[in-house]
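Engineer: Got a structure for you, questions after.
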Amino acid sequence: MKLFEITKEYEEIIDNLYDEEGNVNAQALEKLEQNEVAMEKKVIAVASYIKNMEAEQTAISEAKKAMAEREKRFKKRIENMEEYLMINMRRCEIKKISCAFFDIKLKESTSVNVHDESLLADEYKRTKIETVPDKAKMLMEMRNGVIIPGASLATNYYVEIR
């Protein structure tokens, strides 16, 4: 019997516990005691099910935390291995290696390092909510030989595996 069925039966028994004269109905009282035992067992069973679900929820939560930590460690290991690969490819002046599964390229990109923003002319700044250096414009001009006080070109390397 389901809990809601036991509850419905319990309510019906309570409604019929007293006769019209206010006397206790002996059969209803006996049924009430039987119903209380069944109710108690069912409540314990439902509570046990809830406790099992809570334990599973806790296990899932802990597994998520463990997986997030594992993902973080893997990400760090990947970054370290890419840095290791990049450093050694640069030292050996290797630009590209190909194999059947992928190509490994030592890629180069140029970016602008701003040392002193106050020295930059307004034309090299973009204004949003705050004023920031226009690194894209500065990069184009510095590549064309323009010297911009307060900034210099930096060469960066990264590994690309396709």
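The values are calculated or read from the model by the stated rules, or taken from the named source; none is laboratory data. None of the values given here were measured: they were computed from a predicted structure. Note: ideal-geometry Cβ built from the backbone for every residue, glycine included; neighbour counts use all protein chains shown.
Engineer: Among the residues of segment 131-140, is any in contact with a Lys or Arg (Cβ under 7 Å, 6 or more places away or on another chain) and of a type outside the set (Val, Ile, Thr)?
Structural biologist: Taking every residue of segment 131-140 in turn, at least one turns out to be in contact with a Lys or Arg (Cβ under 7 Å, 6 or more places away or on another chain) and of a type outside the set (Val, Ile, Thr).
Engineer: With Arg91, Arg70 as the choices, which residue is among the basic types (Lys, Arg) and exposed (fewer than 10 other Cβ atoms within 10 Å of the Cβ)?
Structural biologist: Arg91
Engineer: Modelled with pLDDT of 90 or more, within 30 Å of Gly150 (Cβ to Cβ) and out of contact with any His (no Cβ under 7 Å at 6 or more places or on another chain): which single residue out of Ser118, Ser98 fits that description?
Structural biologist: Result: Ser118 is the single residue among Ser118, Ser98 that is modelled with pLDDT of 90 or more, within 30 Å of Gly150 (Cβ to Cβ) and out of contact with any His (no Cβ under 7 Å at 6 or more places or on another chain).
Engineer: For Thr127, work out the one condition from (1) at pLDDT below 95; (2) polar (S, T, N, Q); (3) surrounded by 10 or more Cβ atoms within 10 Å (Cβ to Cβ) it doesn't fulfil.
Structural biologist: (3)
Engineer: Given the options Val112, Val132, name the one that is over 30 Å from Glu12 (Cα atoms), without any contact (Cβ under 8 Å) to a residue 60 or more places away in the chain, in contact with a helix residue (DSSP H, G or I) (Cβ under 6 Å, 6 or more places away or on another chain) and not hydroxyl-bearing (Ser, Thr, Tyr).
Structural biologist: Matching residue, one of Val112, Val132: Val112.
Engineer: Grab the strands (runs of 3 or more DSSP E) fully contained in segment 43-152, keeping just those with 3 or more residues being of a type in the set (Ser, Thr, Tyr).
Structural biologist: 103-114
Engineer: Among residues belonging to segment 79-95 that are touching a residue at least 40 places away in the same chain (Cβ under 8 Å) and not hydrophobic (A, V, I, L, M, F, W, C), point out the one that is nearest to Gly150 (Cα to Cα).
Structural biologist: Applying the filter and picking the extreme gives Arg90.
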